[in-house]
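Please read the structure below before turning to the comments.
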Amino acid sequence: MSSRDNPSTLDGCQTCSRAYRETLNVSTVPSPKSRTTTLEASNLPANTTSGSSRRSPAPQSSIDPSGSGNDTTRRSNVLAHTGGSSPESSSVNGLSQQQETRVSSVLQSVESRVDTQLSMFQQATDHLSGLLTSFKDCLTHLLNHTLSARALQRQQNLRRQLEELEAERGYWEANHRTLEQKLKEAHAKLSKTQQERDELRRLANNGNLINSEKDSDHVIQSKWKQLNYAILSLAANLAKCPMQRPTHDSVEKRLQFVCPSWPKLLEDDEFKELLLHAYLWVLVDCQVFKGRCGIWGGRHAQSLKAMREDLVEIAPDAESPGSPSPSLRYVLGWITQGSTFFEHFFGRNQEACQRLVKIETRGLESFCNIASNKPGVQVHRAIKDIIETALDLDKMVMSSKAIISVDWPVNPQPKHLLFDATTMDAIAHIKDMSAQSAVDFVVAPALIKKGNADGYNYDSKMFLCKALVVCE
């Protein structure tokens, strides 16, 4: 802090300056006696002074206000002019002492005032430092209090938001439980409505004789795989027997249907089992799926199956407004009723089943030397199981309003049948499989389904089971 910033310090300096100027004014005014002495000395002739040299007049004496050194010089000058014996020298000495005393007093006053001003300046500095410290503490306290208040307010806001979210969560949980309960009730009502609808359909279609339990695709696929496994097991047992050329024409026709080069395959140990596998599938398709055996539905079953195939070809998929022609759904419903009638009135003819088993066993014995390994009883039993499983599957097919058919891939003459991964599974091949791989012969047919069990969506087609083929 400068003297300009402190008024008391400025006043002290001004007072000191004013006292110093007064001292200078007093010291510069000569006394009457000194002026007289000076004049007298100046009027003396030159030869009255001591010494032979000529002295010039001395200048007017002045008093140096700064100290006693100049005063001593002045006194020596006066004594020199007066010859050291002037009575005015005592006056000069007294005046000098007065001036020294006054100057000392002024200096002491100035020093006292300076000390006072320094003390006041130190007090002001300490006071200002205390004010700054207090201001700093107050500002720090204010900032801390402000930050604490903001943090507390934010914490309160967050807690309030958390409570609101908890309340909202509880509301939505309760709403979710209510909706779940309503959904369960709706499902129960829907299930009850569907049961009532099915009952009404059963009554409208004389459901006492109709198979109201629809077989799912999974059940049909499982039955198909069961039939294929039974056929594969019998083919593996027959492949262990010595082979010879068959003596029955029906057997040769079936082998010819499987593969024109069947004589070579019959002698090849690698393909013999696959050839027997395909032969047994042809047996099942002809005797059971086409209804030639007469075990199910008597002699009318084959006619019903043929009628079913013809009506499926000509009936429209859906009803047309104003058209008197029944749709495919009603045609298949009528076929389903007819198959149920046949099952109810005729059932299965066990005598016809035993007769068919004996015929097919003799057909196998015509080219398989079964007696050499003595598995005759096992072959007879295996053929019967295969026919029974095929009859169960045929009942499922005839009792469904969906169009389920057995499909043998056709060889487009003169070209070879090519492998199609979407409809075929290669169970034996030599080269790597591709879309250009040729099919040597088909081991098992495919099972195709159009529409659904309720009699709709006949434009959709799916392969329940792919065909099994042997490729080059």
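Read-outs: derived from the displayed coordinates by stated rules, not from any lab. Since this is a predicted model, take the numbers as computed values, not measurements. Cβ atoms come from the backbone with ideal geometry, glycine included; neighbour counts cover every protein chain shown.
Footprinting exposure proxy ranking of Met243, Met398, Met307, Met433, fewest other C-beta atoms within 10 angstrom first, gives Met433, Met307, Met243, Met398.
With the cut-off at 19 Å, tell me which of the pairs Lys223/Lys253; Lys253/Lys290; Lys192/Lys449; Lys401/Lys449; Lys223/Lys449 have Cα atoms farther apart than that. Don't jump to the answer; show the numbers that get you there.
Working: Lys223/Lys253 27 Å; Lys253/Lys290 17 Å; Lys192/Lys449 29 Å; Lys401/Lys449 10 Å; Lys223/Lys449 15 Å.
Where the Cα-Cα span goes over 19 Å, the pairs concerned are Lys223/Lys253; Lys192/Lys449.
Please report the projected area of the stretch 341-472's Cα convex hull averaged over all directions, in nm². Mind dumping the intermediate values first?
Values: hull surface 46.6 nm².
Projected over every direction and averaged, the Cα hull of the stretch 341-472 covers 11.6 nm².
Paramagnetic label reach from Ile359 (point 7 Å along Cα→Cβ; backbone nitrogen cut-off under 16 Å): within the stretch 376-411, residues 383-384, 387-388, 391.
Here the label points at Glu388 and Leu142, each 7 Å from Cα along the C-beta direction, are separated by 10.4 nm in the simple model.
Under 5 Å between amide hydrogens, built in the peptide plane, is the criterion, and for Leu418 it picks out Val439 among residues at least 5 positions away or on other chains.
For the stretch 216-471, a crude dipole built from +1 on the beta carbon of Lys and Arg and -1 on the beta carbon of Asp and Glu, taken about the Cα centre, is about 580 debye to the nearest 20.
Fewest first, what order do Tyr458, Tyr330, Tyr279 take by the number of other Cβ atoms within 10 Å? Let's see the in-between values first.
Numbers: Tyr458 21, Tyr330 14, Tyr279 25.
Least to most surrounded, the residues fall as Tyr330, Tyr458, Tyr279.
Modelled spin-label separation between Tyr171 and Ser89, with each label point placed 7 Å from Cα along the Cα-to-Cβ direction: 12.1 nm.
Distance between the pseudo-spin-label points of Ser129 and Ala371 (7 Å out from Cα toward the beta carbon): 13.6 nm.
What ranking, highest mean first, results for peptides 227-239, 113-125 when packing means the other Cβ atoms within 10 Å averaged over each residue?
Values: 227-239: 19.0, 113-125: 13.3.
Most protected by this proxy first, the peptides run 227-239, 113-125.
The separation of the stretch 90-147 from the stretch 393-472, counted between C-alpha centres, amounts to 119 Å.
Rounded to the nearest whole Hz, the Karplus-based 3J(HN,Hα) values (6.51 cos²θ - 1.76 cosθ + 1.60, θ = phi - 60°) of the stretch 309-314 follow the sequence 5, 5, 5, 5, 6, 9, with x at glycine and proline. The ranking of Ser400, Ser261 from fewest to most other beta carbons within 10 Å of each one's beta carbon is Ser261, Ser400.
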